[in-house]
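The block underneath contains the structure these notes are about, expressed in structure tokens.
The values are calculated or read from the model by the stated rules, or taken from the named source; none is laboratory data. Everything numeric here is computed off the predicted structure, so don't read it as measured data. Using ideal geometry, Cβ is built from the backbone for each residue, glycine included, and neighbour counts are taken over all protein chains shown. With ligands, DNA and RNA removed, areas are computed over all heavy atoms of the protein, side chains included. Shrake-Rupley method; radii C 1.70, N 1.55, O 1.52, S 1.80 Å.
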Amino acid sequence: MKKIFLIPLVALSVLVVPACGLLDVDIESDITGDSYWKSEGDVTGFLNGLHNRLRDLLNANYQLREDRSDAFVAGLEGSVSAAWAQNLTQTNAPSWLGHYTLLHNCNLLLKYAPGIEPNTTAINRGIASTYAIRAYVYFMLTRAWGDVPIVLEPTESDKSPLPARAPAAEVITQILDDIEAALELFPEDGYLNKNTLSKPMVYALKADVLLWKYKVTGGTENDLLDAIEAADMVLSSGVGMLDDFASVFSAENKTNNEIVFSLYFKRDEKSDHYGSRLKARDIFVANAANVDDIAYSISGSRSVYQPSPAAKNIFGAGDVRKAASVITAVDADGNVIGDFDNKFRGLNYEGVDRYWEDDLIVYRAAEMYLFKAEAYAALDRISDAVDQLNHTRRRAGIGDYNGPTDRKAVEREILDERFREFWLEQRRWPDLVRFHYGGTINVYDVVPNLNGKSVPLFLPILKTEMDLNHNLRQTEGY
């Protein structure tokens, strides 16, 4: 393998797949304009591979977005991560290799697809989708590492330059540029299906990015207004909140009306949703009095983590989301065996096992209301913020917010509401960092494993990756 910046020289081979739109792909040699990019089918097949890589990346890297938070405590088996213990170093840090591998493949499509003749609607959709994926991956990177290298061309030579880390504010600018390029190129305003990139998904991402920009990298009130407008564009696309919270996560009703974008999982195609890491194996709950209510499996589940006291106690009396999110196994005498996730329950194949084939939800309609609430609160438009906050509270059965109405109190309530609404949906750590920089909380007081520590909030770069590129500088504090 050539020793080049961050990533091996890879590309996707493409296969024809069924209507689900996802496929498994293999690593082969580089794909160039001479050998591959000849037709619309080359673009659509390659895009399917990008979807697959994005799914793998999100499913494997939940620790970048939740593990460092206050959402978990140690479970019944297995080892907790160094990220959860807040003991990260340059030798045990998560790798960004998978992110840059996916970015390399995005850059291949963006370089070669525009030159294919004739240009078609499907090609433009493929280019738009790839801009969206590249924007989302860079957003993942900057939320985890802060300053990161920006690479906008495929790495097709071992003589490619070795970029340094770009300031996080520049990364956000690039993300927003990619978002605008995607919005311009998508041929339809709505959805082909909820497992496919779309203009509404990009608007959801835009709102997310603009809130991060305003609070973390330095934005203006116009960013908040644009975030509200982007969230409204999603809500005008035909999605809405379901009446029954638990049904949003039903594996039998994956692409329901609340979903804006999700990544497809199915037994024998792709299983092992990350939520299985908080599920019980059968041996642990066999003697539970409520065993029939617990989503357990013979294999494929492993309760490395359990819901933390903070996660269980965040739900007030009457909140229907608690039972839909967390379940406690108790024996006949009422003794607690363990706490488990109850949101992503998979599907039980009678006489076989339970398979974790819930779709991985990236954005859903409820979040658009809470994005708007957060933006209005930051604008000090408190009554508007509370109006948006109440959408999710009413569905949860806890009624309208009637607490203090100073800005900081309302922002703290929005943060708490996001914890209740998005338990185990990979939101908690980015939320804590965003509200920390926004001045609502001190994250070092909120996360028990950060108490009394001066650990940086952004990740270190793995030493082996720094050794490949001497232009990189380690994250401050490591």
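Can you confirm whether the stretch 306-324 contains a residue that is modelled with pLDDT of 95 or more, of a type in the set (Lys, Arg), open to solvent by less than 30 Å² (accessible area, probe 1.4 Å) and not in a strand (DSSP E or B)?
Among the residues of the stretch 306-324, at least one is modelled with pLDDT of 95 or more, of a type in the set (Lys, Arg), open to solvent by less than 30 Å² (accessible area, probe 1.4 Å) and not in a strand (DSSP E or B), which makes the answer yes.
Only residues that are hydrophobic (A, V, I, L, M, F, W, C) and open to solvent by less than 20 Å² (accessible area, probe 1.4 Å): list them for the stretch 56-68, please.
Leu57, Leu58, Leu64
Name every residue in the stretch 179-208 that is of a type in the set (A, V, I, L, M, F, W, C) and either open to solvent by 50 Å² or more (accessible area, probe 1.4 Å) or in contact with a Ser or Thr (Cβ under 8 Å, 6 or more places away or on another chain) (or both), in order of residue number.
Listed by number, the residues that qualify are Ala182, Leu185, Phe186, Leu192, Leu197.
Using beta carbons and a limit of 6 Å, which pairs, at least six apart or on different chains, have the first residue in the stretch 98-121 and crowded, with 22+ Cβ neighbours inside 10 Å and the second one of a type in the set (Lys, Arg)?
Leu102/Arg53; Cys106/Arg134
Taking the stated definitions as given, is Ser160 among the hydroxyl-bearing types (Ser, Thr, Tyr) and in a helix (DSSP H, G or I)?
no
Scan the stretch 279-291 and tell me whether some residue there is among the polar types (S, T, N, Q), part of a loop (DSSP other than H, G, I, E, B) and within 16 Å of Ala324 (Cα to Cα).
Yes - at least one qualifying residue is present in the stretch 279-291.
Which of the residues that make up the stretch 134-154 are hydroxyl-bearing (Ser, Thr, Tyr) and open to solvent by less than 10 Å² (accessible area, probe 1.4 Å)?
Tyr138, Thr142
So, Arg53, is that one closer than 26 Å to Asp178 by Cα, touching a helix residue (DSSP H, G or I) at 6+ places or on another chain (Cβ under 7 Å) and open to solvent by 30 Å² or more (accessible area, probe 1.4 Å) or not?
So Arg53 fits the description; yes.
Given the criteria crowded, with 21+ Cβ neighbours inside 10 Å, of a type in the set (Lys, Arg) and more than 17 Å from the chain's Cα centre (by Cα), does Lys159 qualify?
In short, no.
Can Arg394 be described as within 22 Å of Lys343 (Cα to Cα), open to solvent by 30 Å² or more (accessible area, probe 1.4 Å), within 26 Å of the chain's Cα centre (by Cα) and basic (Lys, Arg)?
Considered against the rule, which asks whether it is within 22 Å of Lys343 (Cα to Cα), open to solvent by 30 Å² or more (accessible area, probe 1.4 Å), within 26 Å of the chain's Cα centre (by Cα) and basic (Lys, Arg), Arg394 comes out as yes.
Within the stretch 39-46, is there a residue that is touching a strand residue (DSSP E or B) at 6+ places or on another chain (Cβ under 7 Å) and at pLDDT 95 or above?
Yes - at least one qualifying residue is present in the stretch 39-46.
Given the options Leu224, Leu278, Leu211, name the one that is closer than 30 Å to Asp331 by Cβ, open to solvent by less than 10 Å² (accessible area, probe 1.4 Å), aliphatic (A, V, I, L, M) and touching a Phe, Trp or Tyr at 6+ places or on another chain (Cβ under 7 Å).
That would be Leu278, the only listed residue that is closer than 30 Å to Asp331 by Cβ, open to solvent by less than 10 Å² (accessible area, probe 1.4 Å), aliphatic (A, V, I, L, M) and touching a Phe, Trp or Tyr at 6+ places or on another chain (Cβ under 7 Å).
Before we move on, is Lys266 within 24 Å of Asn105 (Cα to Cα), at pLDDT below 95 and surrounded by fewer than 21 Cβ atoms within 10 Å (Cβ to Cβ)?
It is false that Lys266 is within 24 Å of Asn105 (Cα to Cα), at pLDDT below 95 and surrounded by fewer than 21 Cβ atoms within 10 Å (Cβ to Cβ).
Matching residues to (1) farther than 21 Å from Val137 by Cβ; (2) part of a helix (DSSP H, G or I):
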| position | (1), (2) |
| --- | --- |
| Ala207 | no, yes |
| Asn222 | yes, yes |
| Asp226 | yes, yes |
| Leu242 | yes, no |
| Asn256 | yes, no |
| Gly275 | yes, yes |
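Has the stretch 404-421 got any residue that is part of a loop (DSSP other than H, G, I, E, B) and open to solvent by less than 70 Å² (accessible area, probe 1.4 Å)?
No, every residue in the stretch 404-421 fails to be part of a loop (DSSP other than H, G, I, E, B) and open to solvent by less than 70 Å² (accessible area, probe 1.4 Å).
Considering only residues that are free of Cβ contacts under 8 Å to residues at least 12 places away in the same chain and closer than 27 Å to Asn257 by Cβ, which ones fall in the stretch 216-239?
Glu229, Ser236
Search the stretch 445-478 for residues being open to solvent by 50 Å² or more (accessible area, probe 1.4 Å) and among the hydroxyl-bearing types (Ser, Thr, Tyr), and hand back the single one that is farthest from Glu411 (Cα to Cα).
Thr464
When you go through Ser297, Ser271 one by one, which is the residue that is over 17 Å from Ala332 (Cβ atoms), surrounded by fewer than 21 Cβ atoms within 10 Å (Cβ to Cβ) and at pLDDT 90 or above?
The conditions single out Ser297.
Condition (residue is more than 28 Å from Pro167 (Cα to Cα), assigned to a helix (DSSP H, G or I) and of a type in the set (Asp, Glu)) applied to the stretch 426-433: is it met by at least one residue?
no
Can you confirm whether the stretch 69-82 contains a residue that is under 26 Å from Thr101 (Cβ atoms), surrounded by 19 or more Cβ atoms within 10 Å (Cβ to Cβ) and modelled with pLDDT of 90 or more?
No.
Tell me which residues, restricted to the stretch 335-345, are open to solvent by 10 Å² or more (accessible area, probe 1.4 Å), touching a residue at least 12 places away in the same chain (Cβ under 8 Å) and not aliphatic (A, V, I, L, M).
Asp339, Asn342, Arg345
Answer yes or no as to whether Ala181 is touching a residue at least 60 places away in the same chain (Cβ under 8 Å) and either in a helix (DSSP H, G or I) or on the phi < 0 side of the Ramachandran plot (or both).
no
Do we have any residue at all in the stretch 177-192 that's touching a Leu at 6+ places or on another chain (Cβ under 6 Å) and under 27 Å from Phe458 (Cα atoms)?
There is no residue in the stretch 177-192 that is touching a Leu at 6+ places or on another chain (Cβ under 6 Å) and under 27 Å from Phe458 (Cα atoms).
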